[in-house]
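Here is the structure we will look at.
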Amino acid sequence: MKQGLLLWSPCHHPPSLSILSISFPIHATPPKPISATLDSTTTTTHQELSARERRQLRNERRERKSGHSWKEEVEEKLLKKPKKRYATWTEELNLDNLADFGPQWWVVRVTRLRYEEISEKLARSLVRNFPDIEFKMYAPAVQVKRKLKNGTYSVKPKPIFPGCIFLRCVLNKEIHDSIRECDGVGGFVGSKVGNTKRQINRPRPVSPDDMEAIFQEAKVEQEKVNQAFEEEQRVEGSLELENINIDMDDKPKRQSRNASAKGYKLPAPGSTVRVISGTFAEFEGNLKKLNRKTGKATVAFTLFGKESLVEVDLNEIAAETK
């Protein structure tokens, strides 16, 4: 940046004020260009249009983007309203309309503790009260096999869906009420229908795809249980075999009777014998009786001046040699 020029002239006259002159450069400022954009023009145009004209322009842009009239699409949706299945809400509460579905699978809730007992009672009740109607009852369960301590096997069913029984029939209000009245039955699996004045639990059928998946799941679970039982049996069998081998190795070999009797001659009754071990060791007495089956010998000892008979083992006596 250029600075001002300071001029100084010396003078021999008495001091006086000097003349100070400063000059600054002057730059010319160019005029700013005037620019106009399309947005400002559009804004001005929109401000000039009325609300109706702006709405028409907006609709035209929508039609150009979608390729079809959006009004026609809205009108078609309004014309195709879902038709009500029932004319009034009271018809939806009528359980006799369930017969229109035909034979279907239904889910009945029962008590878990008496699962098998309630299933049998319900089946007998349906056959007795409705002999002309075909029923199918399915309680998905796996048969669990176990080996007891006494060597026998027990088989008990384990439910896959505890507290649920699947029933296939043509359901109506009479059958529905008869099943609900059975002891231990909690009702059907369904959904609430009606309004604030009256509501009921309307049973909902199970689709064929879901039932097929349930059948497949029960089959897979049964295969898993069988494989687990077979594996357990193989492990127990190998352990028992090892225990038997260990017992046979630890058990001392039994000598044969001929080998044990070889070189040893039993004394004859009436001979004098001496007790070599036991309570009466080193006692001498008269052999009265010899029993080879029980391995016992009756020996008469003289104790305190009286003859007493005592039974001892054959291996505890030996013939007295003079």
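The values are calculated or read from the model by the stated rules, or taken from the named source; none is laboratory data. In this text, all values refer to a predicted model and were calculated from it rather than measured experimentally. Because the Cβ atoms are built from the backbone with ideal geometry, glycine has one as well, and the counts that use them run over all protein chains shown.
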Kindly indicate whether any position in the stretch 177-184 is of a type in the set (Lys, Arg), in contact (Cβ under 8 Å) with a residue 60 or more places away in the chain and either exposed (fewer than 15 other Cβ atoms within 10 Å of the Cβ) or at negative phi (or both).
no
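Residue-wise test of (1) in contact (Cβ under 8 Å) with a residue 60 or more places away in the chain; (2) in a strand (DSSP E or B).
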position	(1), (2)
Lys121	yes, no
Arg124	no, no
Val155	no, yes
Gly186	yes, yes
Quick check on Phe280: is it modelled with pLDDT under 80 and surrounded by 16 or more Cβ atoms within 10 Å (Cβ to Cβ)?
yes
Name the residue that is nearest to Gly184 (Cα to Cα), counting only residues in the stretch 126-153 that are assigned to a loop (DSSP other than H, G, I, E, B) and in contact (Cβ under 8 Å) with a residue 40 or more places away in the chain.
Pro140
Restricting to the stretch 96-127, name every residue that is more than 32 Å from the chain's Cα centre (by Cα) and buried (at least 19 other Cβ atoms within 10 Å of the Cβ).
Leu98, Leu126
Tally up the residues in the stretch 208-240 that are polar (S, T, N, Q) and under 17 Å from Phe161 (Cα atoms), please.
2
Applying the selection to the stretch 32-91, what residues are part of a loop (DSSP other than H, G, I, E, B), over 30 Å from Gln199 (Cα atoms) and either assigned by TED's automatic domain parsing to the domain that holds Arg198 or at pLDDT 70 or above (or both)?
Leu49, Ser50
Can you find, within the stretch 186-234, the residue that is farthest from Tyr138 (Cα to Cα) among those that are of a type outside the set (Lys, Arg) and touching a Leu at 6+ places or on another chain (Cβ under 7 Å)?
Gly194
